[in-house]
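Asks: Have a look at this one.
Quick note: the coordinates plus some simple rules give every number you see, no bench work behind them. If you're wondering where the values come from, they're calculated on a predicted model, not measured in any experiment. Every residue, glycine as well, gets a Cβ built from its backbone with ideal geometry; the counts of neighbours run over all protein chains shown.
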Amino acid sequence: MSTTTTTHAAVPERERPPAMVYGPIAWARANLFNSWWSTAVTLALIYLLVKWAVGFIDWAFVNAVWTVPTTPQGTLDPTPCRNAKEIGACWAVIGDKYRFILFGRYPYDEQWRPAICIVLFIALYVMSAMRRFWRKELALIWIAMLTVIGVLMWGGVLGMPYVPQDTWGGLPITLILATFGLAFAFPLAILVALGRRSTKLPAVRMLCVVYVELIRGVPLISLLFMASVMFPLFMPVGMNPDKLLRAQVAIILFAAAYLAEVVRGGLQALPKGQYEAADALGLSYWQKTGLIIMPQALRLVIPPLVNTFIGFFKDTSLVLIIGIFDLLTSGKVALAEPIWQGYSSEVYIVLAIIYFIFCWCMARYSRGLEQEFSRAARR
Amino acid sequence: MMIRPTSAGAGFLFAGVLLAVSATAALAQGTGSATLDAVAKRGQLVCGVAGSTAGFSLPDSQGVMRGIDADSCRAVAAAALGDAGKIRFVPTTTTNRFTALQSGEVDMLYRSTTWTLGREGNLGGLFASINFYDGTGFLVKKATNVKSVKEMDGATICVQPGTSTELAIADYFRVNNLKFTPILIQDLAEIQNAYLSGRCDAYSTDASALAAFRFQQGDKATDHVLLPEIISKEPLGAMVRKGDDKWFDLVRWTYFATLIAEEYGITSKNVDTFMSSNIPEIRRLLGLEGDMGKALGVDNKWAYNVIKQVGNAGEIWDRNITPMGIPRGINNLWNKGGLQYAPPMR
């Protein structure tokens, strides 16, 4: 587009390094074509990759059906999709169902509210990720943001109609379960990890050991079942803590047990000298833990921590077995619609992309954090 | 849809005892029904549904629950509270549906649940109505020229594992001295693909699901034949807790009211023209005489509200099941060749 031409002052051209030693061609020669065997493998893989990519592009874009006509009765007519079956993707299913997949059974006219909540959640993540916001005020921002999210989701004030939480669904549910789950599980995990290493309080230590081993000994799915099926039977009739809340508590307890072990790993990796030095300075137990031990221990365990975080973000989809419409469940329910049965690939691809974006961002961020923290060690 | 009930646990008994106690305590005042009082106080009926079965209860693109189970729930809300919109749907799974009912999380279940002795005898529930008569059927390709299940000796049959369908087929083939090879596939889309691609000779599940599946094939629907044998009985209907007979009455008679309305041709559109009718049963149905509503502990206009806001049984069927291509068959009224029969309202 640009038509401007720039004339460079006569800068003496630096001599380029020989192409056969450095640069992409040399790299390819050294790594992909260095023997007849590796050349054959490379060519075969390139062939398969191109063939697959061409097939996928054909399916996903070239032959894809983007919209379907509406019948005079006001329903959608999936005939174009049916004709393109096996040849092209039917993205019309997403066009029809994307709001249901994203927001579940939340009242249609009020869906701008969960949409804002998603944006707020992401803003909250981004802010918490930036080091310049790592101050005491961040806790206040979290409380404020979560309050705003609660007000938006429930409504009932400021002219917004009340929306009970059993109609919530889709991505907000996934984000709520994951965010609250990890936000409450993490502090709990630190306490449990400290408790498990405590030498002066044997009772507390036993309690922490029993908690961690009990929770780790059962699958998350059975904990969710207990929370959803068994727990209500032990409550007085008519007193039913909400299903979402019960699932949330189960997820917090489960995540905390796993995170506690990760944190304990960090505590064990610290040299004894650090503890003794802190003691020698005359610090109290909590000063020692807060100022000396935890900052170092947590830095050591960033990779396993993020690993657990990513795992739990995806594990929230298990709530589908107790009838909560999280992102994955909404996608599955959208597919139960008779006219869209058989177009599961399209819906699952979209769901996979959403999950991938969140998990990839977490992974990237933890890599950045690790590099930043290990700067001191590399010096 | 019809996973066999697993162990329910002693918790049910415990909850049942508690419920019985609270129900007798409530007899002293109110309508005489603890559940109805709770619903009235809350101003909302809480109905347990599947939330994932097309035609029965499934949220549409706007998140509104649609289906005959959903509409049957709305009818109860209209009868109990005078407003079909005062309802909350709780999606339940096959595993937690009975607990949800027992613990009082939901007031009733319309969750395509089969009425069986075991469920009434052991699970502390009562079936108040049957809004759908279903049964296990077989779908085969027309090209195979099979006309009856009796001709299917040695056939391979695609079936979902762990369902009552699997049991029914095994029993039926053993009784008739036939052999078959089951191909067990859990996932619905996969099982349908397996049948279409010819991995199995027949696809077996609930006849309603087979009819819907056949209908979805569009132009190719005529390539498939639903065999005449229906080899098991699957009456699907409403389930309420034991120990609250008044609530049971209301749920049951709400359903009968939709049947009686259909018998007389009263629909949501023309119900007002019947307000001047001379036929005694219509007058009793619409609350013009007889205090029928009072007997159930609700407003005398209860059935009028049901018909006006939700419609009669035929309308509910046409709205939800007809678009899926399922013929009404045995679900028709008794005087039109079906099994749906309501006792007289007098």
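Asks: Could you compute the net charge surrounding B:Lys141? Neighbours are other residues with a C-beta less than 9 Å from the C-beta of B:Lys141; K and R count +1, D and E count -1. Could you put the intermediate results ahead of the total?
Replies: On the way: positive: B:Lys142; negative: B:Asp201, B:Asp223.
Net charge around B:Lys141: -1.
Asks: Compute the distance in nm between two label points, each set 7 Å from the Cα along the Cα-to-Cβ direction, one at A:Cys359 and one at B:Asp318.
Replies: Here the answer is 4.9 nm between the modelled labels.
Asks: From the backbone phi of region B:111-118, what are the Karplus-calculated ³J(HN,Hα) couplings (6.51 cos²θ - 1.76 cosθ + 1.60, θ = phi - 60°) in whole Hz, Gly and Pro given as x?
Replies: Once θ is set to phi - 60°, the couplings for region B:111-118 become 10, 5, 9, 6, 6, 10, 5, x Hz.
Asks: If you place +1 on the Cβ of every Lys and Arg and -1 on the Cβ of every Asp and Glu, how big does the dipole about the Cα centre of chain B come out, in debye to the nearest 20?
Replies: 120 debye
Asks: Next question, about the same structure. So what J values fall out for region A:304-309 if you push phi through Karplus, 6.51 cos²θ - 1.76 cosθ + 1.60 with θ = phi - 60°, rounded to Hz, Gly and Pro as x?
Replies: With the stated coefficients, region A:304-309 comes to x, 4, 5, 4, 5, 4 Hz.
Asks: Now for a separate question. What are the ³J(HN,Hα) couplings of region A:208-214, residue after residue, when phi is run through the Karplus curve with 6.51, -1.76, 1.60 and θ = phi - 60°? Round to Hz, x for glycine and proline.
Replies: 5, 4, 4, 4, 5, 5, 4
Asks: Another question, if that's okay. If you put +1 on each Lys and Arg Cβ and -1 on each Asp and Glu Cβ, how big is the dipole of the protein assembly as shown around its Cα centre, in Debye rounded to 20?
Replies: Using only the charged Cβ atoms, the result is roughly 2100 debye.
Asks: Right, another one. Indicate the gyration tensor shape class of chain A (rounded, prolate or oblate), computed on the Cα atoms with a ≥ b ≥ c the square roots of the eigenvalues: a/c under 1.5 is rounded; otherwise a/b larger than b/c is prolate and the rest oblate.
Replies: oblate
Asks: Right, another one. Output needed: Cys residues of chain A lacking any neighbouring Cys C-beta below 4.7 Å, sorted by number.
Replies: When partners are defined as cysteine Cβ atoms under 4.7 Å apart, chain A leaves A:Cys117, A:Cys208, A:Cys359, A:Cys361 without one.
Asks: Looking at chain A, which longest stretch skips every one of the GluC sites (Glu not before Pro) that is in a DSSP loop with at most 13 other Cβ atoms within 10 Å, leaving the sites themselves out?
Replies: That would be A:87-379.
Asks: Size of the dipole of region B:201-337 about the Cα centre, Lys and Arg at +1 and Asp and Glu at -1 on the beta carbon, nothing else charged, in debye to 20? All intermediate terms of the calculation are to be shown ahead of the outcome.
Replies: On the way: 16 positive and 18 negative charges, 63 e Å.
The calculation lands at about 300 debye.
Asks: Report, for chain B, the % of DSSP beta bridges that are antiparallel, rounded to 5.
Replies: On the way: 24 of 39 bridges.
Beta bridges within chain B, antiparallel portion: roughly 60 percent.
Asks: Filter the trypsin sites (Lys or Arg not before Pro) in region A:56-123 to those in DSSP coil with at most 15 other Cβ atoms within 10 Å of their Cβ, and list the result.
Replies: Answer in residue order: A:Lys85.
Asks: Do the sum for chain B: with -39,500 (n - 2.57) for every DSSP H run of n ≥ 4, divided by all residues, what is the mean residue ellipticity at 222 nm, to the nearest 500 deg cm²/dmol?
Replies: Result for chain B, helices only: -11000 deg cm²/dmol.
Asks: For chain A, set up a GNM with springs between Cα atoms under 10 Å and report which of A:Phe312, A:Phe225, A:Phe133 has the largest fluctuation.
Replies: Largest GNM mean-square fluctuation: A:Phe133.
Asks: How large is the helix-only mean residue ellipticity at 222 nm for chain A, computed as the sum of -39500 (n - 2.57) over DSSP H runs with n ≥ 4, divided by its residue count, in deg cm²/dmol to the nearest 500?
Replies: Helices in chain A give a 222 nm mean residue ellipticity of -20000 deg cm²/dmol.
Asks: Please arrange B:Ser197, B:Ser232 by counting, for each residue, the other beta carbons lying within 10 Å of its beta carbon, fewest first. List each step's numbers first, then the result.
Replies: On the way: B:Ser197 8, B:Ser232 19.
Least crowded to most crowded, the residues run B:Ser197, B:Ser232.
Asks: Taking each full run of DSSP H in chain B as one helix, which ones are at least 20 Å long along their axis (Cα atoms) and have mean Kyte-Doolittle hydropathy of at least -1.0?
Replies: Passing helices, by number: B:11-26, B:245-263.
Asks: Taking only C-alpha pairs under 8 Å that are 6+ residues apart, what is the relative contact order of chain A in percent?
Replies: The value is 17 percent.
Asks: Given the C-alpha centroids of region B:92-151 and region A:221-236, what is the distance between them in whole angstrom?
Replies: Region B:92-151 and region A:221-236 have Cα centres separated by 24 Å.
Asks: If you restrict to DSSP beta bridges whose two residues both lie in the protein assembly as shown, what percentage is antiparallel, to the nearest 5?
Replies: 60 percent
Asks: Report, ordered by chain and residue number, the lysines lying within cross-link reach of B:Lys308, taken as a straight Cα distance under 28 Å and ignoring same-chain residues fewer than 8 apart.
Replies: The qualifying lysines are B:Lys41, B:Lys86, B:Lys246, B:Lys269, B:Lys294, B:Lys336.
Asks: Additional query: Under the rule of at least 5 residues apart or a separate chain, name every residue whose amide H is placed under 5 Å from the amide H of B:Phe138.
Replies: Amide H neighbours of B:Phe138, under 5 Å, 5+ apart: B:Leu227.
Asks: Considering amide H positions built from the backbone, and no H for Pro or chain starts, which residues 5 or more places from B:Arg66, or on another chain, come under 5 Å of its amide H?
Replies: B:Leu58, B:Asp60
Asks: Apply the a/c threshold of 1.5 to the C-alpha gyration tensor of region A:129-170 and tell me whether it is rounded, prolate or oblate.
Replies: Since a/c reaches 1.5 and a/b is larger than b/c, the shape of region A:129-170 is classed as prolate.
Asks: Right, here's the next one. Mind sorting A:Thr289, B:Thr322, A:Thr316 by how few other Cβ atoms lie within 10 Å of their own Cβ, fewest first?
Replies: B:Thr322, A:Thr289, A:Thr316
Asks: If we count every other residue with Cβ under 14 angstrom of A:Glu213's Cβ, Lys/Arg +1 and Asp/Glu -1, where does the sum land?
Replies: Around A:Glu213, the charge tally is +3.
Asks: By the gyration tensor of its Cα atoms, with a ≥ b ≥ c the square roots of the eigenvalues, what is the shape of region A:17-62: rounded for a/c under 1.5, prolate for a/b over b/c, or oblate?
Replies: Details: a/c = 6.65, a/b = 2.00, b/c = 3.32.
It comes out oblate by the Cα gyration axes.
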